[in-house]
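Here's the structure, in structure tokens; my notes come after.
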Amino acid sequence: MKDGKIRFTLNGREVVYEDSPLRRLLDVLREDLGETGVKEGCGEGECGACSILLDGKLVNSCMVAMGTMEGKNLMTIEGLRETEQGKCIIDAFAEAGAVQCGFCIPGMVMAAQSVLQDSPHPSEQDIRKGISGNLCRCTGYDQIIQAVLTASEKGEGLW
Ligand code: FES
Ligand code: FES
């Protein structure tokens, strides 16, 4: 941190942040940076609706203070959906009928990306483990698991 400024990368572009280091990353993303695909569910690290990739790892943005963000590399659903990988996952969610109310889906897509990054050919068990921090009240998870399997198959070579 220099001059009280915090610099980090958001979806490939540099962001300079000058407000309180105590604010939550989730609030800065939604309120300051227009990243409204990042949802707030519980606000307590329990539901995964606010999931982002921070230095490549799946993280709940409601649990991250801005003071820890210097030099970090952040990807949100707004960035992921512009990539071939993101498009493949989103298409697979649609094909599997994995989207009902949709509230959990941005976080689920981020979790799916994390699963596929770690394991391009995941087992059902790998997927269940990878999305275990993301709650969905609508689907019963089966269609979501199918969507990740479909993305893995149709996106062969992307991860
Ligand atoms: S809003 Fe962050 S985990 Fe629920
Ligand atoms: S689709 Fe409604 S919470 Fe998951």
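Worth a mention:
- Complete set of residues in segment 61-97 that are under 14 Å from Val109 (Cβ atoms), β-branched (Val, Ile, Thr) and either without any contact (Cβ under 8 Å) to a residue 12 or more places away in the chain or open to solvent by 20 Å² or more (accessible area, probe 1.4 Å) (or both): Thr83, Ile90
- Looking at Leu54, Leu26, Leu58, just one residue is outside the structural domain of Gln117 (by the TED database), in contact with a Cys (Cβ under 6 Å, 6 or more places away or on another chain), aliphatic (A, V, I, L, M) and closer than 19 Å to Cys104 by Cα, and that residue is Leu26.
- Long-range neighbours under 6 Å by Cβ, at least six apart or interchain, first residue closer than 20 Å to Cys62 by Cα and open to solvent by 50 Å² or more (accessible area, probe 1.4 Å) within segment 127-142, second within 16 Å of ligand 1 (Cβ to nearest atom) and part of a loop (DSSP other than H, G, I, E, B): Leu135/Cys47
- Checking each residue in segment 119-132 for being of a type in the set (A, V, I, L, M) and either touching a Leu at 6+ places or on another chain (Cβ under 8 Å) or more than 16 Å from ligand 1 (Cβ to nearest atom) (or both) picks out only Ile127.
- Sole exception among (1) free of Cβ contacts under 8 Å to residues at least 12 places away in the same chain; (2) closer than 22 Å to Glu44 by Cα for Ser123, by number: (2)
- When each of Leu116, Leu135, Leu53, Leu80 is tested for being touching a helix residue (DSSP H, G or I) at 6+ places or on another chain (Cβ under 7 Å) and within 15 Å of ligand 1 (Cβ to nearest atom), the lone residue that passes is Leu53.
- When segment 106-121 is filtered for residues that are out of contact with any Lys or Arg (no Cβ under 9 Å at 6 or more places or on another chain) and either closer than 19 Å to Leu53 by Cα or of a type in the set (Asp, Glu) (or both), the ones remaining, listed by number, are Met108, Met110, Ala111, Ala112, Gln113, Leu116, Gln117, Asp118, Ser119, Pro120.
- Flag for Val15 being open to solvent by less than 50 Å² (accessible area, probe 1.4 Å) and assigned to a loop (DSSP other than H, G, I, E, B): no
- Considering each residue of segment 24-32 in turn, at least one proves to be more than 13 Å from ligand 1 (Cβ to nearest atom) and open to solvent by less than 10 Å² (accessible area, probe 1.4 Å).
- In segment 33-54, of all residues being under 11 Å from Thr76 (Cα atoms) and among the charged types (D, E, K, R), the one that is nearest to ligand 2 (Cβ to nearest atom) corresponds to Lys39.
- Within segment 1-12, the residues that satisfy the criterion of being at pLDDT 95 or above and either open to solvent by 50 Å² or more (accessible area, probe 1.4 Å) or within 13 Å of Gly67 (Cα to Cα) (or both) are Lys5, Ile6, Arg7, Phe8, Asn11, Gly12.
The values are calculated or read from the model by the stated rules, or taken from the named source; none is laboratory data. Since this is a predicted model, take the numbers as computed values, not measurements. Every residue, glycine among them, receives a Cβ derived from its backbone with ideal geometry; neighbour counts consider all protein chains shown. Just the protein is used for accessible areas: all its heavy atoms, side chains included, with ligands, DNA and RNA removed. Shrake-Rupley method; radii C 1.70, N 1.55, O 1.52, S 1.80 Å.
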